[in-house]
Amino acid sequence: MTANVPETALTRKDFASDQEVRWCPGCGDYAILAAMQRTLPELGSTPANTVFVSGIGCSSRFPYYMNTYGFHTIHGRAPAIATGLKLANPDLDVWVVTGDGDGLSIGGNHLLHVLRRNVDLNILLFNNQIYGLTKGQYSPTSTLGKVTPSSPLGSVDQPLTPARFALGAGARFVARGYDTSKALPDVLVRAHAHKGASFIEILQNCPVFNDGAFAEITDRKTGPDHQLWVEHGRPLRFGADLDRGLRINPKNLSLEVVRIGDAGVTEDDILVHDETNRTLAFLLSSLPDVCALGVLYCDPVIAYDRAVTEQTAAAKARAGDGDIDKLLRAAHTWQVS
Amino acid sequence: MPSITPSSEGAPSAREDLDSVVIRFAGDSGDGMQLTGAQFTTASALMGNDLATFPDFPAEIRAPAGTTYGVSGFQIHFASYDILTPGDQPDVLVAMNPAALKVNIDTLRKGGLLVVNTGAFTKNNLAKAGYESNPLEDDSLAAFRVLALDINRMTLAAVKDFSLGAKDAGRCKNMWTLGLMFWIFGRDRASTIEWLKRKFKDRPELADANIAALNAGHIYGESAEMPSHIGAYQVPKADLPPGEYRNIDGNQATALGLVAGAKLAGIELLYGSYPITPASSLLHNLAKLRHCGVTTFQAEDEIAAVAAAIGASFGGKLGVTGTSGPGVALKSEAIGLAIAAELPLVVVDVQRGGPSTGLPTKTEQSDLFQAVWGRNGDSPLCVLAAATPGDCFRMAIEAVRIATKYMTPVILLTDGYIANGAEPWRIPSFASYEPFPVRFHTDPEGFHPFARDARTLARNWAIPGTPGVEHRIGGLEKNAASGHISYDPANHDQMTHLRSDKVLGIASDVPAAAVELGEDRGELLMVGWGSTYGSISQAVRLLRARGRKASHLHLRNIWPLPPGVRELVDRFDRVIVPELNNGQLVRLLRAELGCDAESLTKVAGQPFRIQELVDYAEARRKAA
Ligand code: SF4
């Protein structure tokens with residue numbers, strides 16, 4: 001992955017605001033913030049041209065900690081506000097920070113449409129499978145049976161998979177990472193490079209209300225057996241010794257985990273990742289026992305804001321730069337003397 | 001009141017002069033009554049009449065043919081003097097089918113002219129309209145001058161040479177009818193013929209057939225086939241101020257005003273909207289103006305529409321959203337965000353009957369409370385109201401001026417009646433408007449986002465992309481001195497008062513309250529706002545003609561109230577506030593001015609009739 005080196009080399013410090021960070025100690029948000037502040041200088045971003053727009057929730061405090069432009073808006077509406085901002089100034093680098101409650105519950109509609117329209121935004125969805133700021137109620141991604149103050153008998157809500165939601169909504173870029181992952185900056189770089197709506201689900205630990213929700217995946221010991229980092233053109237292999245992989249089962253159109261060497265399985269049987277294949281991305285987005293990470297899907301089409309800008313330019317070229325006096329008279333007129 | 005009287009002789013040799021006429025065209029939704037009315041309007045405007053129109057269409061898009069709820073109406077009032085309303089009562093009713101007759105006959109003036117299309121008075125249609133017997137065959141219409149014609153048959157005869165299908169041929173009947181009305185009222189057909197040629201330029205046979213039908217209706221009137229009691233009339237030119245005119249409806253004028261306002265502010269505008277009756281045509285009008293610095297965004301819902309507008313304002317464009325009452329309700333939280341973040345925002349509320357879905361196609365003025373107070377927290381903003389279709393232009397510019405100068409949301413109230421109603425509008429010269437250019441803050445020295453202009457109390461507007469003034473804003477309370485998040489109670493108290501003082505301060509920047517008509521003291525002050533302008537103005541005129549010391553005050557600044565309103569109100573013995581709601585402005589005035597204004601309300605989905613206002617004022621005078 002190559003990142004532009006800006007002329008006046010900025011550092012992570014240039015992107016950190018003077019505000020005291022107020023997440024709970026040990027919250028996964030700290031690691032994500034650090035990854036972001038490290039990545040922006042690499043991207044050649046400038047504080048002046050970068051905007052963070054958020055909704056409401058723990059994750060949505062993010063903009064206050066970035067020394068960029070920021071707008072901490074209202075619950076669930078960040079994608080819509082960011083759309084207006086991007087239409088006002090398509091040259092801005094706009095990041096949307098949301099969570100599983102903000103983005104998939106109260107703001108589900110806006111997330112759906114911002115992805116469908118393909119507005120050139122980088123959308124980070126911090127998925128901690130819980131409502132943190134309101135003190136621990138179950139969220140749309142909470143697991144079945146989750147006991148919380150609002151589900152003392154266990155949640156009976158069927159959870160949704162954010163990446164699947166995004167793919168279903170028509171997103172052209174869908175990736176997944178986790179808070180403390182060393183590879184998270186690489187995912188951010190890819191998302192930034194994609195012109196259009198880039199959706200990144202970041203598995204995020206909430207040590208206060210849902211500690212260890214992703215421990216199996218993120219734990220140093222168990223992690224390698226549960227993380228599958230996908231890379232375009234490379235076989236879908238995982239495990240501490242990369243001895244396991246995914247094979248397509250043509251009988252039920254599903255992916256199955258196989259071990260190379262078992263029952264005649266060879267390296268050639270392992271499926272190669274094609275990030276432009278939406279069907280494969282769907283299959284990868286919810287695998288049994290293993291979590292696919294990295295860029296699951298990337299297949300760009302024209303971004304909404306660019307299409308709007310081009311249309312406007314064409315309209316101006318056709319009809320001239322609106323003269324108001326002419327406009328007021330663009331109707332049947334008559335003289336009274 | 002002007003009226004049509006039967007002419008005494010047989011076929012008229014000379015036209016009789018009338019001061020003013022009100023015609024109501026009514027038919028099935030598919031009968032083309034809106035187009036017919038619009039063409040009559042254009043022809044009358046070209047004759048130099050003043051006019052006002054009132055389209056009244058059904059809520060259903062394609063209601064079953066022949067039903068009373070599928071009746072579409074278009075009322076036009078044209079006159080030789082300046083009129084302000086589409087008229088209390090039609091002098092002429094054109095009923096294209098039994099349902100149209102059933103729905104409208106009660107409004108027709110006694111002695112008025114009733115034109116009915118007998119071809120549509122079939123057993124089936126009569127039954128659908130709920131008639132047990134044919135009203136044309138009993139004496140239930142004896143109070144009117146009835147011109148019963150088989151327009152269907154005559155239309156088919158007129159277009160038989162154009163080899164149209166039965167459906168296309170039948171559709172020409174509105175043009176036949178229009179031709180007849182053109183003859184009765186001495187209008188020129190040229191503008192309609194031109195329009196038909198344009199409209200059907202790809203299907204010339206349809207253009208020709210419609211023109212033939214129009215001409216046939218006209219010839220029918222010309223040839224002596226007309227009964228003696230019908231007559232022929234002319235309405236002389238009105239004495240309008242000289243200038244270049246066009247017809248304009250409220251939503252057109254609002255769209256143009258927003259564009260003009262943005263131009264005066266020197267910024268582009270983003271209009272976020274979700275389709276809703278009766279505001280949708282505002283979106284349609286603006287969507288055609290992309291070359292004029294307008295971006296339109298049809299959002300996924302009302303909330304996204306306002307949210308995108310707020311995002312655009314944060315980015316340095318003017319964010320505008322338009323909707324009707326239910327949409328404002330959905331946008332309330334976001335409007336509160338714009339108040340807290342102190343960003344410019346214009347919200348156009350084209351009001352309709354409520355509560356809830358209410359009466360989508362009927363007019364009402366019942367969102368005043370919602371506009372002034374309908375948000376969580378102490379959340380002041382500026383509320384303006386346009387009085388007439390043409391006035392929407394000026395008030396939209398004013399909304400942009402205030403929003404950008406004071407960094408505040410402004411709600412502009414119009415309603416279905418002025419949004420869809422049209423009037424001849426003297427086109428202003430754009431150069432006559434004073435520009436109010438926005439100056440974005442770019443100086444990093446001592447910058448914080450909530451530093452204010454000492455006079456207007458408006459905060460800095462620094463926009464993303466500007467180096468050195470990066471900042472974060474949001475819905476959480478901010479420290480008045482630093483712009484950072486603050487939960488300090490004293491600071492919240494200070495910020496609450498700052499927000500309130502900023503909005504109240506707008507009063508010193510708007511015209512003082514002044515009567516539209518009459519003296520600035522007297523017996524009766526009628527105080528109105530919004531689309532009741534025409535009715536109140538005419539009612540006050542009539543009262544003054546009777547020698548009453550009556551005046552008319554029309555408020556365009558609802559919040560804050562304009563300066564001097566208290567003093568003005570105090571100089572009258574009686575204050576009556578007519579409103580198309582259950583008493584909203586009147587309560588605001590009582591609360592703010594401590595006056596005991598009387599309330600006159602109407603919530604029938606229809607504008608006030610002038611006579612209702614006059615009668616009420618006279619009854620109150622007697623009772624005193
Ligand atoms: S509640 Fe959970 S998600 Fe929120 S700040 Fe604390 S640890 Fe982080």
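The values are calculated or read from the model by the stated rules, or taken from the named source; none is laboratory data. Computed from a predicted structure; not experimentally measured. No Cβ is skipped: glycine too gets one built from the backbone with ideal geometry, and neighbour counts run over all protein chains shown. For the accessible areas, the whole protein counts, side chains as well, though only heavy atoms, and no ligand, DNA or RNA atoms are used. Shrake-Rupley method; radii C 1.70, N 1.55, O 1.52, S 1.80 Å.
Return yes or no: is B:Ile506 more than 22 Å from the chain's Cα centre (by Cα) and open to solvent by less than 60 Å² (accessible area, probe 1.4 Å)?
yes
When the range B:328-353 is examined, which residues are found to be away from chain A (no Cβ under 13 Å), within 22 Å of B:Ile397 (Cα to Cα) and either open to solvent by 10 Å² or more (accessible area, probe 1.4 Å) or part of a helix (DSSP H, G or I) (or both)?
Matches in the range B:328-353: B:Val328 only.
Can you tell which of B:Ser20, B:Ser8, B:Ser13 is buried (at least 18 other Cβ atoms within 10 Å of the Cβ) and modelled with pLDDT under 95?
B:Ser20
How many of the residues making up the range A:305-329 are open to solvent by less than 50 Å² (accessible area, probe 1.4 Å) and touching a residue at least 24 places away in the same chain (Cβ under 8 Å)?
2
Give the residues of the range B:284-313 that are among the hydroxyl-bearing types (Ser, Thr, Tyr) and either part of a helix (DSSP H, G or I) or modelled with pLDDT under 95 (or both), sorted by residue number. Don't jump to the end; show me each part of the working.
Step one: filter the range B:284-313 for residues among the hydroxyl-bearing types (Ser, Thr, Tyr), giving B:295-296, B:313.
If the condition is that a residue be among the hydroxyl-bearing types (Ser, Thr, Tyr) and either part of a helix (DSSP H, G or I) or modelled with pLDDT under 95 (or both), then B:Ser313 is the only one that fits.
Report, by residue number, each residue of the range B:283-313 that is aromatic (Phe, Trp, Tyr) and either open to solvent by 20 Å² or more (accessible area, probe 1.4 Å) or closer than 18 Å to B:Ala253 by Cα (or both).
none
Applying the selection to the range A:208-220, what residues are of a type outside the set (Phe, Trp, Tyr), within 9 Å of the ligand (Cβ to nearest atom) and open to solvent by 40 Å² or more (accessible area, probe 1.4 Å)?
A:Val208, A:Asp211
Considering A:Leu255, A:Leu293, A:Leu328, A:Leu283, which residue is within 10 Å of chain B (Cβ to nearest Cβ) and either out of contact with any strand residue (DSSP E or B) (no Cβ under 8 Å at 6 or more places or on another chain) or not β-branched (Val, Ile, Thr) (or both)?
A:Leu328
Filter the range A:19-61 down to the residues that are open to solvent by less than 10 Å² (accessible area, probe 1.4 Å), within 12 Å of chain B (Cβ to nearest Cβ) and within 11 Å of the ligand (Cβ to nearest atom) and list them by number.
A:Ser60
Please tell me if A:Ile270 is open to solvent by less than 50 Å² (accessible area, probe 1.4 Å), on the phi < 0 side of the Ramachandran plot and among the β-branched types (Val, Ile, Thr).
yes
If I go through the range B:417-432 residue by residue, how many of them are part of a helix (DSSP H, G or I) and within 11 Å of chain A (Cβ to nearest Cβ)?
The total comes to 3.
Yes/no matrix, rows are residues, columns are (1) among the hydroxyl-bearing types (Ser, Thr, Tyr); (2) modelled with pLDDT under 95; (3) open to solvent by 10 Å² or more (accessible area, probe 1.4 Å):
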site	(1), (2), (3)
B:Ala386	no, no, no
B:Glu398	no, no, yes
B:Arg401	no, no, yes
B:Lys405	no, no, yes
B:Pro409	no, no, no
B:Tyr417	yes, yes, yes
B:Glu423	no, yes, yes
B:Arg426	no, no, yes
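Name, by its number, the condition in (1) within 11 Å of chain A (Cβ to nearest Cβ); (2) crowded, with 22+ Cβ neighbours inside 10 Å; (3) assigned to a helix (DSSP H, G or I) that does not hold for B:Leu270.
Failed condition: (3).
Which of the numbered conditions does B:Leu256 fail, given that it passes all the others? Conditions: (1) within 11 Å of another protein chain (Cβ to nearest Cβ); (2) under 20 Å from B:Pro344 (Cα atoms); (3) open to solvent by less than 10 Å² (accessible area, probe 1.4 Å).
(3)
For the range A:79-121, what are the residues that are within 21 Å of B:Ser313 (Cα to Cα), more than 10 Å from chain B (Cβ to nearest Cβ) and surrounded by fewer than 23 Cβ atoms within 10 Å (Cβ to Cβ)?
A:Asp120
Do we find that B:Gly316 is within 11 Å of another protein chain (Cβ to nearest Cβ), surrounded by fewer than 24 Cβ atoms within 10 Å (Cβ to Cβ) and either part of a helix (DSSP H, G or I) or acidic (Asp, Glu) (or both) in this structure? Give the derivation first.
Working: within 11 Å of another protein chain (Cβ to nearest Cβ): yes; surrounded by fewer than 24 Cβ atoms within 10 Å (Cβ to Cβ): yes; either part of a helix (DSSP H, G or I) or acidic (Asp, Glu) (or both): no.
No; evaluated as a whole, the condition is false for this residue.
Residue check: is B:Glu523 open to solvent by 50 Å² or more (accessible area, probe 1.4 Å), in a strand (DSSP E or B) and modelled with pLDDT of 95 or more?
Yes; evaluated as a whole, the condition is true for this residue.
Among the strands (runs of 3 or more DSSP E) contained in the range B:89-206, which hold 1 or more residues that are surrounded by 14 or more Cβ atoms within 10 Å (Cβ to Cβ) and over 33 Å from the mean Cα position of the chain (by Cα)?
B:145-149
Checking B:Gly231 against (1) in a loop (DSSP other than H, G, I, E, B); (2) touching a helix residue (DSSP H, G or I) at 6+ places or on another chain (Cβ under 8 Å); (3) open to solvent by 20 Å² or more (accessible area, probe 1.4 Å): exactly one of these is not met. Which one?
B:Gly231 satisfies all of (1) in a loop (DSSP other than H, G, I, E, B); (2) touching a helix residue (DSSP H, G or I) at 6+ places or on another chain (Cβ under 8 Å); (3) open to solvent by 20 Å² or more (accessible area, probe 1.4 Å) except (3).
What number of residues in the range B:239-269 are farther than 24 Å from B:Gln34 by Cα and touching a residue at least 24 places away in the same chain (Cβ under 8 Å)?
Summing the residues that are farther than 24 Å from B:Gln34 by Cα and touching a residue at least 24 places away in the same chain (Cβ under 8 Å) in the range B:239-269 gives 18.
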